[in-house]
Amino acid sequence: MERNLKNVLVISFGFLLLFTAYGGLQSLQSSLHSEEGLGFASLSVIYAALILSSMFLPPFLIKKLGCKWTIAGSMCCYITFSLGNFYASWYTLIPTSVILGLGGAPLWSAKCTYLTIAGNSYAEKAGKNGKDIINQYFGVFFLIFQSSGIWGNLISSLIFSQASNKVEISEENLACCGAYDCVTDTTNTTGSAEPSNSFIYTLLGIYTASGVLAVLLIVIFLDQIKPDQAKTEKEILETPSFWSTFLATFQHLKDKRQCLLIPLTMYSGFEQGFLSGDYTKTYVTCALGIHYVGYVMICFSAVNSLCSLLFGKISQFTGRKLLFALATVTNTACIIALLLWKPHPKQLAVFFIFPALWGLSDAIWQTQTNGLYGILFEKHKEAAFANYRLWESFGFVIAFGYSTKLQVYIKLYILLSVLVLSMVTYGVVEYLEAKSSPGTPTAAKKENVVSLTQETHV
């Protein structure tokens, strides 16, 4: 096997193992640790730490440690979060959430840097276009990585399904599920007993082992950057210092189009936060039991992956405006339906319809918003995508932060309001773009839609 491709596969399967664990844990946080909102707080802290990490750590760590050891060290940060869940409390989960968040940005940055170096290196030897090889490597990576959402959730559901303490949920307890949840009694709103510690520890043991295997895979099988590749790495890392990058991120807000895209970017964090936090807890866990959370999130992940591939290909024929309209209509319909729906175990199919439709919408938000940033800010991609990560992470922080303070119906109204505002400001951006460059050819722009792949996974 060609050596660079081997390294791409090592990184891909390392991320698959790591995010099989983290993805499953993220979906369960609000259900496993509902006392005093600990689960929501830990998720909010993760994204707050990620914001700080994105601004300062990646260039420094990659330059000091190199890509391989930055990836390995950052993966260890994720393992601490799995360990913190063994004895979940404010003194274990919050510090490990901070550690995970700080490791998130260096992990993804080092991965991108390594794949870029590997792609350019092979392209130079084979006499091929570097951008084409890099896109192929990223395609291989995400083909393998995206399935982590399926495996992590499948493991949790299979384990919790073995629990012998499942009980019938009374109609009185079911009345506390859904949009008008009994927020004052969050610790015991359902009749479904929590899984025993033995099942929880079994799950956490599997997740921790998966993370350890990921680190070992990277340490043992991932090649260091070769000496003749050092120049390539140096060129990639010798961008402006992180202080100037930090300033450039905020200086980019002078562009009114960037300011107008803030609501749309934050909405991406809001809607993902609602599904993984509120929907899994107040609809699925409340009415069906925690063992169904994994199955529901598998449905979301599978539809999201398929639609991401589909919409990425058909956008050149439909245009992004039509796709944004489809996502808006779909999300709006889901929000209104969630406000009206009274979840009941007899309506099992409905619990999967919502995440499927949500996955369809999310696929559009991710692919098209990233493509929009790549097209509008072609000359300032670094600052633009730094803003993307910044504002999306703020969306996550806010969504998880207020989750324990507000009832679900209020969160749904907030979600709908942000969506409407996002579409209004996005419409203004499209108007300004059409007004400023009515005759701009689209061929050059399409190349940028491939641009930077979605990196919202922590």
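Can you tell me which residue is modelled with the lowest pLDDT among those in the stretch 172-198 that are more than 16 Å from residue 35 (Cβ to Cβ) and open to solvent by 50 Å² or more (accessible area, probe 1.4 Å)?
172
Listed residues 403, 361; which is crowded, with 16+ Cβ neighbours inside 10 Å and modelled with pLDDT under 85? Don't jump to the end; show me each part of the working.
On the way: 361 fails: modelled with pLDDT under 85.
Exactly one of 403, 361 is crowded, with 16+ Cβ neighbours inside 10 Å and modelled with pLDDT under 85, namely 403.
Let's see how each residue does on (1) open to solvent by less than 20 Å² (accessible area, probe 1.4 Å); (2) closer than 18 Å to residue 214 by Cα:
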position: 55; (1), (2): no, no
position: 62; (1), (2): yes, no
position: 75; (1), (2): yes, yes
position: 91; (1), (2): no, no
position: 104; (1), (2): yes, yes
position: 127; (1), (2): no, no
position: 132; (1), (2): no, no
position: 141; (1), (2): yes, yes
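Determine whether residue 87 is open to solvent by 20 Å² or more (accessible area, probe 1.4 Å), assigned to a loop (DSSP other than H, G, I, E, B) and at pLDDT 80 or above.
Values: open to solvent by 20 Å² or more (accessible area, probe 1.4 Å): yes; assigned to a loop (DSSP other than H, G, I, E, B): yes; at pLDDT 80 or above: yes.
Spelling it out, residue 87 is indeed open to solvent by 20 Å² or more (accessible area, probe 1.4 Å), assigned to a loop (DSSP other than H, G, I, E, B) and at pLDDT 80 or above.
Any residue that is closer than 20 Å to residue 40 by Cβ and part of a helix (DSSP H, G or I) - is there at least one of those in the stretch 361-374?
Applying the first criterion (closer than 20 Å to residue 40 by Cβ) to the stretch 361-374 yields 362.
Narrowing further to those that are part of a helix (DSSP H, G or I): 362.
Yes; the residues of the stretch 361-374 include at least one that is closer than 20 Å to residue 40 by Cβ and part of a helix (DSSP H, G or I).
Based on what the data block shows, is residue 50 buried (at least 20 other Cβ atoms within 10 Å of the Cβ), within 17 Å of the chain's Cα centre (by Cα) and either of a type in the set (A, V, I, L, M) or not in a helix (DSSP H, G or I) (or both)?
On the way: buried (at least 20 other Cβ atoms within 10 Å of the Cβ): yes; within 17 Å of the chain's Cα centre (by Cα): yes; either of a type in the set (A, V, I, L, M) or not in a helix (DSSP H, G or I) (or both): yes.
In short, yes.
Return the only residue of 5, 16, 65 being under 24 Å from residue 275 (Cα atoms) and assigned to a helix (DSSP H, G or I). Steps first, please.
Values: 5 fails: under 24 Å from residue 275 (Cα atoms); 65 fails: under 24 Å from residue 275 (Cα atoms).
Within the list 5, 16, 65, the selection yields 16.
Please enumerate the residues belonging to the stretch 408-418 that are open to solvent by 50 Å² or more (accessible area, probe 1.4 Å) and within 19 Å of residue 34 (Cβ to Cβ).
409, 410, listed by residue number.
Go over the candidates 169, 220, 206, 236 one by one and state the one that is part of a helix (DSSP H, G or I) and either open to solvent by less than 50 Å² (accessible area, probe 1.4 Å) or modelled with pLDDT under 80 (or both). Quick ask: steps written out before the conclusion?
Working: 169 fails: part of a helix (DSSP H, G or I); 220 fails: either open to solvent by less than 50 Å² (accessible area, probe 1.4 Å) or modelled with pLDDT under 80 (or both); 206 fails: either open to solvent by less than 50 Å² (accessible area, probe 1.4 Å) or modelled with pLDDT under 80 (or both).
Exactly one residue qualifies, and that residue is 236.
Rundown of residues vs (1) open to solvent by less than 20 Å² (accessible area, probe 1.4 Å); (2) closer than 25 Å to residue 408 by Cα; (3) not hydrophobic (A, V, I, L, M, F, W, C), yes/no style:
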| residue | (1), (2), (3) |
| --- | --- |
| 279 | yes, yes, yes |
| 292 | no, yes, yes |
| 300 | no, yes, no |
| 305 | no, no, yes |
| 316 | no, no, yes |
| 344 | no, yes, yes |
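The values are calculated or read from the model by the stated rules, or taken from the named source; none is laboratory data. Being a predicted model, the structure only gives us computed values, none of them experimental. When we count neighbours, we look across all protein chains shown, and the Cβ atoms used for this are built from the backbone with ideal geometry, even at glycine. To get the accessible areas, we keep the full protein, side chains included, count just its heavy atoms, and leave off ligands, DNA and RNA. Shrake-Rupley method; radii C 1.70, N 1.55, O 1.52, S 1.80 Å.
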